[in-house]
1. Let's test the formula: R0 of 41 Å, r as the Cβ-Cβ distance of Ala22 and Lys102. What FRET efficiency results, to the nearest 0.05?
2. In whole Å, what three semi-axes, largest first, describe the equivalent ellipsoid of the chain built from its Cα gyration tensor (square root of 5 times each eigenvalue)?
3. Okay, helix-only estimate at 222 nm for the chain: each DSSP H run of n ≥ 4 adds -39500 (n - 2.57), divide by all residues, round to 500 deg cm²/dmol; what do you get?
4. Counting Lys and Arg as +1 and Asp and Glu as -1, each charge on the Cβ, what is the dipole of the chain about the Cα centre in debye, to the nearest 20?
5. Using only Cα positions of segment 65-149, each an equal point scatterer, no hydration layer, compute I(q)/I(0) via Debye at q = 0.19, 0.21 Å⁻¹ and quote the log10 values to two decimals.
6. Provide the packing ranking of 207-214, 95-102, i.e. peptides ordered by the mean count of other C-beta atoms within 10 Å per residue, highest first.
7. Of all accessible surface on segment 192-234 at a 1.4 Å probe, what whole percent is carbon and sulfur?
8. When N counts the residues of segment 176-282, how does its alpha-carbon radius of gyration compare numerically with 2.2 N^0.38 Å, as a ratio?
Amino acid sequence: ALGFASAPTGVGFLVGALLVIAFKSVVPVSFEVESLTVVSRLGNKDWATMCYIVLIAGLIGALLGVVGLFGHIVSFIEGPILSGMMSGVGLILLFVAVETCKDNKIIGLVSISVAVATFLLLSNDENNLIYALVASILASVVVARFVPFEPIVSGEHKKEKIRLIPLDGFKFLKSPKVIRGVLALLALRVGTSIAYSGIDGQLANQPVNVDHTNIIAGLAGAASGLFGGAPVEPIISVTAAAPNPHYSGALMMVIVGLMLLFGLLPKLARFVPMASIAGFLFLLGAFIAIPEIVPGIITEPDSIGGRVTR
């Protein structure tokens, strides 16, 4: 619906899955509302322009990850500032959950209620977050059979064939629109890769290498853009809470990648309401991110920086 081709994006998912396994990363890459919106708006939904933005931003981001730039950024802001950024993500998740719930209050409230109830009832189980996600989605889908909702419909795209995009002698490298889009996408990735990787690392109880995250996102995005697909970026994923988080994340990406390649995702989207994810977002914000991070900000000797960042 934003002008991207879906099938070629499957290539990016499969490339990303291989890299997640290679780096043993707990941070998968996938569709991200922020990056999709930014690229679509700055590219004016022009397919070629958006592909160029995704391709170049992917290559530059991967290069910056190789030289270790993102690791230096994390080292520079670690402590209360990084905690403030991560707790800010928790607040954003709560806001998004509420906004998503407003799209269909009945389905959204069912999703949140089932998610919270499952999470609390299974509090002694280390996989309770995973069970809460599955239960809330299934309950929402069942309710959606009786409550009308507006399905997400992707427009038919003429560029769905998986082939290299027209490079046109690399003239796009001089386009102000492309350059601005690349800088915007890279700036966005700095924030999301640090904050979202931190949340995933917290769920997995493992340290996260932000440089590896950007190499994975960069090369996966470049592969997607090279064939005409959408950007794929680091995400907050429940797979990080699985017993084998990097294999779980890679498996999720392989499944979605194949669904995209075979055109199944748009068909399945007709049965899953957008409001069904409200429960998972609410849990991440209200029960995971904010409660576990905010106390650390308050007790830090330099707590002002963390509070301002948040």
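1. 0.50
2. On the way: eigenvalues 176, 132, 60 Å².
Output for the chain: semi-axes of 30, 26, 17 Å.
3. Helix contribution divided over all residues of the chain: -21000 deg cm²/dmol.
4. Charge dipole of the chain: 1040 debye, to the nearest 20.
5. These q points yield log10 I(q)/I(0) values of -0.89, -0.96.
6. 207-214, 95-102
7. That share works out to 57 percent.
8. Dividing the Cα radius of gyration by 2.2 N^0.38 Å gives 1.17.
The values are calculated or read from the model by the stated rules, or taken from the named source; none is laboratory data. Quick caveat, the model's predicted, so the values are computed rather than measured. Reconstructed Cβ throughout: ideal geometry from the backbone, glycine too, with neighbour counts over all protein chains shown. SASA here: full protein model, heavy atoms, side chains in, ligands and nucleic acids out. Shrake-Rupley method; radii C 1.70, N 1.55, O 1.52, S 1.80 Å.
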